[in-house]
Amino acid sequence: MRHRTSPTTPQAGRTMKTLAAVGLGLTLALTATACGDGSDDSTSRSPTSHNAADVTFATDMIQHHAQALSMVDLTVDRTLDPQVEALAEAIREAQGPEIETMSDWLTDWDEEIPETMRDHTNAGHDMGDMSDSMEGMNDSMPGMMSADDMDALQNASGAEFQDMWLEMMIQHHAGAIEMARTEQKDGQYEPAVDLAGEIVIAQKAEIEEMKSLIGS
């Protein structure tokens, strides 16, 4: 007795093609997962070990933060909007402890803690002398103010000071974010990479706040 083979219906054909396509898609997806898409950071993280990128990040960010704190110092005894005063204090409260943390890292790594603008301030130098002495440092890090920038800010008055301070701090924060993202990409020491991520998040939010306060 001969068995008749049921003809393939158009619907069945489409179903088979769909299943084949799904299977192919899963195969490609698994292959891509196994091979990687090239976007993941290849630097291995460590809770104890560090690399040159970590040293550079800590060394440069200490100096970068120190200038931000010097800019915050210039807000003292100024007549500013309450939101600007609160923002300046938030920057002081965040970046002061971060400087201490990064200094401890460098000490643990037997690396030199860099000289900063605030070292000169504490030694009794005025803003002009301090900025001039650190001018070479400013050229190597994004967002750093020049000696002329700092002098202009110190000598500004009234509403001119507030808007100038906000504009300069926006530029300064943008530079810090750039440095932090480099650490996220190249750093090895997990606490440093984590701090870099916190800097990116916090300073991006502060940039948006400062933009809203210019001209207020």
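The values are calculated or read from the model by the stated rules, or taken from the named source; none is laboratory data. Remember, predicted model here, so these are calculated numbers, not experimental data. A quick note on method: Cβ atoms are made from the backbone with ideal geometry, for glycine too, and the neighbour counts reach across all protein chains shown.
Here are the numbers for this structure:
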| item | result |
| --- | --- |
| Subset of the stretch 76-88 [in contact (Cβ under 8 Å) with a residue 12 or more places away in the chain and either buried (at least 19 other Cβ atoms within 10 Å of the Cβ) or farther than 23 Å from Ala147 by Cα (or both)] | Thr79, Leu80, Asp81, Gln83, Val84, Leu87, Ala88 |
| Criterion: more than 16 Å from Asp73 (Cα to Cα) and more than 11 Å from the chain's Cα centre (by Cα) - qualifying residue of Ala205, Ala174 | Ala205 |
| Count - residues of the stretch 93-108 that are surrounded by fewer than 20 Cβ atoms within 10 Å (Cβ to Cβ) and in contact with a Ser or Thr (Cβ under 9 Å, 6 or more places away or on another chain) | 1 |
| Residue match in the stretch 191-200 (condition: among the β-branched types (Val, Ile, Thr), without any contact (Cβ under 8 Å) to a residue 40 or more places away in the chain and in contact with a Lys or Arg (Cβ under 7 Å, 6 or more places away or on another chain)) | yes |
| Residue match in the stretch 40-51 (condition: touching an Asp or Glu at 6+ places or on another chain (Cβ under 7 Å), closer than 18 Å to His172 by Cβ, at pLDDT 50 or above and not small (Gly, Ala, Ser)) | no |
| Residues within the stretch 46-75 that are assigned to a loop (DSSP other than H, G, I, E, B) and surrounded by 15 or more Cβ atoms within 10 Å (Cβ to Cβ), tallied | 4 |
